[in-house]
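**Student:** First the structure, then my questions, so here it is.
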Amino acid sequence: MTNKTIPLADLRYASRVPHIPARLDAPTGLLADTLGRPLRDLRISVTDRCNFRCSYCMPSEVFNKDYAFLPQTSLLSFEEITRLAKIFVAHGVEKIRLTGGEPLLRKNLEVLIEMLAKLQTPEGRPLDITLTTNASLLARKAQALKDAGLQRVTVSLDGLDDAVFRRMNDVDFPVADVLGGIEAAQKVGLAPVKINMVVKRGTNDSEILPMARHFRNTGTVLRFIEYMDVGATNGWRMDEVLPSAQVIERINAEFPLLPITANYAGETAERWRYVDGGGEVGVISSVTKAFCGDCNRARLSTEGKLFLCLFASQGHDLRALLRGNYGDDQLSAAVGHIWQARTDRYSEQRAALPADTSQPESSGKRVEMSYIGG
Ligand code: SAM
Ligand code: SF4
Ligand code: SF4
């Protein structure tokens with residue numbers, strides 16, 4: 001038997017079994033947390049595994065052959081995910097994003113998409129269902145995903161230069177295959193394709209302009225994400241964060257940009273358009289410009305723990321209820337109770353600290369992004 005290593009910082013097992021309120025109030029779709037924030041966006045991680053080892057997310061020194069990924073029996077089944085999703089939708093969720101790990105590694109994912117696509121908001125509207133992927137398997141799966149009811153995809157791509165990209169994914173994966181995946185997604189109508197680039201100063205910031213040049217006039221939306229201090233394994237340092245304002249400055253110097261208004265409240269990206277009509281770009285300034293005030297996102301981990309913030313150190317074990325003898329009304333009341341008690345605003349708290357402090361004192365150890373999903 002191999003001796004599996006579980007890092008000391010492994011918090012996957014830190015969770016509490018939710019309290020079931022004595023009064024089982026029916027969902028109203030108008031749930032609000034302690035800061036008045038509604039629940040609109042549910043991110044579901046369908047696997048904690050990935051075929052890439054991006055240094056900012058799953059560094060290969062930690063996520064190596066000895067790393068103990070979750071066993072198959074721990075994962076929520078598609079039926080369990082759909083049962084929970086239905087409850088979240090009744091509470092106001094309008095958008096579901098499938099993520100991971102690499103979601104396309106989950107077998108028969110299109111079956112789950114088909115099940116989720118049947119859900120409707122209380123007003124009878126279809127859900128907005130999307131997926132974030134590294135696109136390594138997208139060319140092969142795009143058509144089946146579209147046929148199952150997926151509307152859009154977001155592709156993560158950290159550079160166009162093949163050597164830089166291979167270094168970023170740390171498994172020697174060629175950039176041409178990701179570009180092929182994006183093309184396939186566009187061809188089958190998974191549009192508009194959004195492209196997310198995590199910018200690490202000194203590692204791939206040289207790729208900002210080549211990426212902007214490449215994706216202008218293609219109908220895609222390129223977004224630059226500030227490298228975040230998520231998880232406990234990526235060795236995050238503030239000096240590796242390139243503020244979004246500088247990203248915009250660099251692009252604007254070559255292709256003038258103008259700001260445009262958000263599509264909806266709580267949108268994470270600030271949007272800009274090319275003055276010459278070449279399309280739009282966005283920046284997600286999670287570090288330099290906290291947007292907790294509008295944060296309407298909940299995250300469901302691969303094994304059914306509910307996290308109320310990307311930086312949370314503890315989840316709420318919904319799987320324990322799913323696999324216990326509880327009805328939907330009890331599960332629904334528990335979810336409502338959890339959201340109503342939510343106080344999380346990590347990024348705002350960090351932003352309020354002096355520049356030489358990197359993390360709010362009150363914040364504990366944090367789970368990995370590959371586990372709760374981005
Ligand atoms: N494997 C899929 C992918 O890469 O698109 C989905 C999961 S990944 C965790 C979701 C998103 O999180 C990706 O866009 C990734 O770039 C982003 N991400 C991961 N670690 C990050 C970090 N430290 N800072 C900023 N974004 C990060
Ligand atoms: Fe995998 Fe996505 Fe994390 Fe990269 S960012 S290691 S592709 S889960
Ligand atoms: Fe939302 Fe937490 Fe990010 Fe703030 S830090 S925007 S509360 S996920």
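**Student:** So ARG342 ticks every box in (1) of a type in the set (Lys, Arg); (2) part of a helix (DSSP H, G or I); (3) over 30 Å from ILE208 (Cβ atoms) but one. Which box is left unticked?
**Tutor:** Of the numbered conditions (1) of a type in the set (Lys, Arg); (2) part of a helix (DSSP H, G or I); (3) over 30 Å from ILE208 (Cβ atoms), the odd one out for ARG342 is (2).
**Student:** Please work out if TYR274 is over 23 Å from the mean Cα position of the chain (by Cα) and of a type in the set (Phe, Trp, Tyr). If you could, list the steps in order and put the result at the bottom.
**Tutor:** Details: over 23 Å from the mean Cα position of the chain (by Cα): yes; of a type in the set (Phe, Trp, Tyr): yes.
Yes, satisfied.
**Student:** Moving to a separate point now. Looking only at residues that are near ligand 1 (Cβ under 9 Å from one of its atoms) and touching a Pro at 6+ places or on another chain (Cβ under 9 Å) in region 208-244, which one is modelled with the lowest pLDDT?
**Tutor:** Per the stated criteria, the residue is ASN234.
**Student:** Report the residue count in region 43-56 for those that are under 16 Å from LEU306 (Cβ atoms) and more than 13 Å from ligand 3 (Cβ to nearest atom).
**Tutor:** From region 43-56, those under 16 Å from LEU306 (Cβ atoms) are 43-46, 48; that's our starting set.
Okay, now just the ones that are also more than 13 Å from ligand 3 (Cβ to nearest atom), so 44-46, 48.
Selection size over region 43-56: 4.
**Student:** Do we have ILE284 as open to solvent by less than 30 Å² (accessible area, probe 1.4 Å), of a type in the set (A, V, I, L, M) and in contact (Cβ under 8 Å) with a residue 60 or more places away in the chain here?
**Tutor:** Details: open to solvent by less than 30 Å² (accessible area, probe 1.4 Å): yes; of a type in the set (A, V, I, L, M): yes; in contact (Cβ under 8 Å) with a residue 60 or more places away in the chain: yes.
Spelling it out, ILE284 is indeed open to solvent by less than 30 Å² (accessible area, probe 1.4 Å), of a type in the set (A, V, I, L, M) and in contact (Cβ under 8 Å) with a residue 60 or more places away in the chain.
**Student:** A further question on this structure: Could you please give the count of residues in region 93-108 that are farther than 22 Å from ASN169 by Cβ and crowded, with 22+ Cβ neighbours inside 10 Å?
**Tutor:** Residues in region 93-108 being farther than 22 Å from ASN169 by Cβ and crowded, with 22+ Cβ neighbours inside 10 Å: 2 in total.
**Student:** Restricting to region 12-62, and then to whatever is hydroxyl-bearing (Ser, Thr, Tyr) and within 16 Å of ligand 2 (Cβ to nearest atom), can you tell me which residue is surrounded by the most Cβ atoms within 10 Å (Cβ to Cβ)?
**Tutor:** We begin by selecting, within region 12-62, every residue hydroxyl-bearing (Ser, Thr, Tyr); these are 13, 15, 28, 34, 45, 47, 55-56, 60.
This time we only want the ones that are within 16 Å of ligand 2 (Cβ to nearest atom), so: 45, 47, 55-56, 60.
On the way: SER45: 29, THR47: 23, SER55: 20, TYR56: 23, SER60: 14.
This residue is SER45.
**Student:** Check region 328-338 and report whether any residue there is away from ligand 2 (no atom under 16 Å from the Cβ) and part of a loop (DSSP other than H, G, I, E, B).
**Tutor:** Looking only at region 328-338, we keep the residues that are away from ligand 2 (no atom under 16 Å from the Cβ), and these are 328-338.
Remaining after also requiring part of a loop (DSSP other than H, G, I, E, B): none.
Looking for residues that are away from ligand 2 (no atom under 16 Å from the Cβ) and part of a loop (DSSP other than H, G, I, E, B), one finds none in region 328-338, hence no.
**Student:** Right, something else. Looking only at region 197-230, which residues are touching a Phe, Trp or Tyr at 6+ places or on another chain (Cβ under 8 Å) and within 16 Å of ligand 3 (Cβ to nearest atom)?
**Tutor:** Listed by number, the residues that qualify are VAL198, TYR227, MET228, ASP229, VAL230.
**Student:** Output the residues belonging to region 271-303 that are more than 16 Å from ligand 3 (Cβ to nearest atom) and under 12 Å from GLY373 (Cα atoms). I'd like the intermediate steps shown before the answer.
**Tutor:** Applying the first criterion (more than 16 Å from ligand 3 (Cβ to nearest atom)) to region 271-303 yields 271-281, 302-303.
Correct list: THR302, GLU303.
**Student:** Which of the residues belonging to region 210-245 are part of a helix (DSSP H, G or I) and crowded, with 16+ Cβ neighbours inside 10 Å? Before you say what the answer is, go through the steps one by one.
**Tutor:** Going residue by residue through region 210-245, those that are part of a helix (DSSP H, G or I) are 210-215, 238-240, 244-245.
Once the filter is applied, which keeps residues that are part of a helix (DSSP H, G or I) and crowded, with 16+ Cβ neighbours inside 10 Å, region 210-245 yields MET211, ALA212, HIS214, PHE215, GLU240, SER244.
**Student:** Going by what's in this entry, would ILE87 be described as closer than 28 Å to CYS292 by Cβ and touching a Pro at 6+ places or on another chain (Cβ under 9 Å)? Outline the logic, then answer.
**Tutor:** Values: closer than 28 Å to CYS292 by Cβ: yes; touching a Pro at 6+ places or on another chain (Cβ under 9 Å): yes.
Taking the combined requirement at face value, the residue satisfies it.
**Student:** Assess whether SER370 counts as being among the hydroxyl-bearing types (Ser, Thr, Tyr), away from ligand 1 (no atom under 16 Å from the Cβ) and either under 23 Å from LEU98 (Cα atoms) or modelled with pLDDT of 95 or more (or both).
**Tutor:** Criteria not met by SER370.
**Student:** Of these, ARG201, ARG250, which one is touching a residue at least 24 places away in the same chain (Cβ under 8 Å), away from ligand 1 (no atom under 16 Å from the Cβ), over 14 Å from LEU157 (Cα atoms) and open to solvent by 20 Å² or more (accessible area, probe 1.4 Å)?
**Tutor:** Details: ARG201 fails: away from ligand 1 (no atom under 16 Å from the Cβ).
Residue meeting the stated conditions: ARG250.
**Student:** Let me ask another. Filter region 65-85 for residues that are of a type outside the set (Gly, Ala, Ser) and in contact (Cβ under 8 Å) with a residue 40 or more places away in the chain and give the result.
**Tutor:** Those that are of a type outside the set (Gly, Ala, Ser) and in contact (Cβ under 8 Å) with a residue 40 or more places away in the chain: ASP66, TYR67, LEU70, LEU75, LEU76, GLU80, ILE81, ARG83, LEU84.
**Student:** Scan region 254-281 for residues that are assigned to a strand (DSSP E or B), open to solvent by less than 30 Å² (accessible area, probe 1.4 Å) and either among the polar types (S, T, N, Q) or more than 16 Å from MET197 (Cα to Cα) (or both) and jot them down.
**Tutor:** Residues of region 254-281 that are assigned to a strand (DSSP E or B), as a first pass: 257-260, 270-274, 280-281.
Checking the rest, the ones that are also open to solvent by less than 30 Å² (accessible area, probe 1.4 Å) come to 257, 274, 281.
LEU257, TYR274 - these are the residues of region 254-281 that are assigned to a strand (DSSP E or B), open to solvent by less than 30 Å² (accessible area, probe 1.4 Å) and either among the polar types (S, T, N, Q) or more than 16 Å from MET197 (Cα to Cα) (or both).
**Student:** Looking at (1) surrounded by 14 or more Cβ atoms within 10 Å (Cβ to Cβ); (2) away from ligand 2 (no atom under 16 Å from the Cβ), can you tell me which one GLY324 breaks?
**Tutor:** (1)
**Student:** If you take the residues in region 327-353 that are among the polar types (S, T, N, Q) and within 16 Å of ligand 3 (Cβ to nearest atom), which one is surrounded by the fewest Cβ atoms within 10 Å (Cβ to Cβ)? Don't jump to the end; show me each part of the working.
**Tutor:** Step one: list which residues in region 327-353 are among the polar types (S, T, N, Q), which gives 330, 332, 340, 343, 347, 349.
Add one more test, that the residue is within 16 Å of ligand 3 (Cβ to nearest atom), and what stays is 340, 343, 347, 349.
Values: GLN340: 13, THR343: 9, SER347: 24, GLN349: 17.
Once the filter is applied, the top-ranked residue is THR343.
**Student:** Please identify the pairs in which a residue from region 36-55 that is in contact (Cβ under 8 Å) with a residue 40 or more places away in the chain and among the hydroxyl-bearing types (Ser, Thr, Tyr) has its Cβ atom under 6 Å from the Cβ atom of a residue that is open to solvent by 10 Å² or more (accessible area, probe 1.4 Å) and more than 9 Å from ligand 2 (Cβ to nearest atom), counting only partners at least 6 apart or on another chain.
**Tutor:** Correct list of pairs: THR47/LEU105; THR47/ARG106.
**Student:** If you check ALA135, ALA139, which single one turns out to be farther than 20 Å from ARG43 by Cβ and either open to solvent by 20 Å² or more (accessible area, probe 1.4 Å) or under 20 Å from the mean Cα position of the chain (by Cα) (or both)? I'd like the intermediate steps shown before the answer.
**Tutor:** Numbers: ALA135 fails: farther than 20 Å from ARG43 by Cβ.
The unique qualifying residue is ALA139.
The values are calculated or read from the model by the stated rules, or taken from the named source; none is laboratory data. Predicted model, so just to flag it, every value in this text is computed and none were measured. Every residue, glycine as well, gets a Cβ built from its backbone with ideal geometry; the counts of neighbours run over all protein chains shown. Heavy atoms of the whole protein, side chains included, go into the accessibility calculation; ligands, DNA and RNA do not. Shrake-Rupley method; radii C 1.70, N 1.55, O 1.52, S 1.80 Å.
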